[in-house]
Amino acid sequence: MSKLRRIVVGYNFLPDGEVAFHSARILAEQAHAMLYVLHVVEPSPIFEQKPTPTPPALTPLEAILGNVREQLRALAATPELARLHVTTNVHTGKPFVELIRECHRWSGDLIVVGVSEQGTGRFLGSTAERVLRKAPVPVLIAKRLLTSGPKTLLIPTDFSACSQAAAHEALALVQTFGGRVVFLHVMESYYLYPPAYGVAPDLTHVSPDVFEASWQEFLHDLPLGGGLKWEKQTREGRTAEIITNVAAEIGADLIVMGTHGRTGLPHLLLGSVAEKVVRLSACSVLTVRPSAFRFELP
């Protein structure tokens, strides 16, 4: 995705859809990318009932689809989209399935979705959660409106190849918007075995210095020159909580992270840390898939 060319955004005419849409629009403007706006109607059984008038009267579902198409066309014709190449469409089905399928058909580089206020606290089961788990391309969960201008990006890393791929995507965004990046590694505090085993080692303190070699290896191949403002931090604690706390401390506009690290496997849908960060974070989160990830649509 390092060079954004095609952005797919799920638009639902609700406040969270507006945040997603305008964030995607800003990204498209800054990257000179094409924008695909998709609304998905999930049919209710009542929509399939035939109307009282005889054909060619429209069914309720057909009428809804026609109305949505007209609203999307009007949206695409607004002055703020005049400089963009915009495609709009409306599908029926499961929203997460249609977003992923259409992104694949259109060769999209990125999917942008919003999270409702209810979804922020009850993220599991939402369309955003399903897209995040199953999309093979990077996914931006737009919790706050992305604006133009310099950005502060937080890049958590466990020094894995997946987190390095996320770092490359983040740095490409900084090159587009300007700003600074903060790399973060969290030393997870835990015991290898339950205390009842009687063999739990003392991990109450590990010096950040022990990670210096890992930091050097991780940073070595990243494009950090050209006056880029960056720093690295090593913290100790529960990973997801530390990530979200640091994001708040530095005023991060965006967290960019891989969807699994050393504790994950390529076939897993989403690493628990990334999922927790999306649920806890107040700012938007961009997740990047491991290259081996594949998902078969139903």
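The values are calculated or read from the model by the stated rules, or taken from the named source; none is laboratory data. The structure presented is a predicted model; accordingly, all values stated were derived computationally and were not measured. With ideal geometry, Cβ positions are generated from the backbone for all residues, glycine too; neighbour counts draw on all protein chains shown.
Could you check how many residues of segment 1-22 are closer than 22 Å to ILE64 by Cβ and among the charged types (D, E, K, R)?
2
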If GLY251 meets every condition in (1) at pLDDT below 95; (2) loosely packed, with under 14 Cβ neighbours inside 10 Å apart from one, which number is that one?
(1)
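Only one residue in ARG133, ARG180 is at pLDDT 90 or above and surrounded by 14 or more Cβ atoms within 10 Å (Cβ to Cβ), so which one is that? Spell out how you get there, then give the answer.
On the way: ARG133 fails: at pLDDT 90 or above.
Exactly one residue qualifies, and that residue is ARG180.
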Matching residues in segment 254-263 (under 19 Å from ILE141 (Cβ atoms) and either more than 13 Å from the chain's Cα centre (by Cα) or at pLDDT 95 or above (or both)) number 5
Given the criteria modelled with pLDDT under 95, of a type in the set (Gly, Ala, Ser), surrounded by 11 or more Cβ atoms within 10 Å (Cβ to Cβ) and over 17 Å from the mean Cα position of the chain (by Cα), does ALA63 qualify?
yes
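Regarding segment 39-47, can at least one residue be identified that is under 30 Å from LYS3 (Cα atoms) and modelled with pLDDT of 85 or more?
Initial filter on segment 39-47 (under 30 Å from LYS3 (Cα atoms)): 39-40.
Now narrow it down to the ones that are modelled with pLDDT of 85 or more: 39-40.
Within segment 39-47, one or more residues are under 30 Å from LYS3 (Cα atoms) and modelled with pLDDT of 85 or more.
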Residues to consider are THR204, THR244, THR287; find the one that is modelled with pLDDT under 75 and of a type in the set (S, T, N, Q).
THR204
Within segment 1-24, the residues that are over 13 Å from VAL137 (Cα atoms), aliphatic (A, V, I, L, M) and surrounded by fewer than 23 Cβ atoms within 10 Å (Cβ to Cβ) are LEU14, VAL19
Considering each residue of segment 210-237, count those that are charged (D, E, K, R), within 26 Å of LYS151 (Cβ to Cβ) and in a strand (DSSP E or B), and give that number.
4
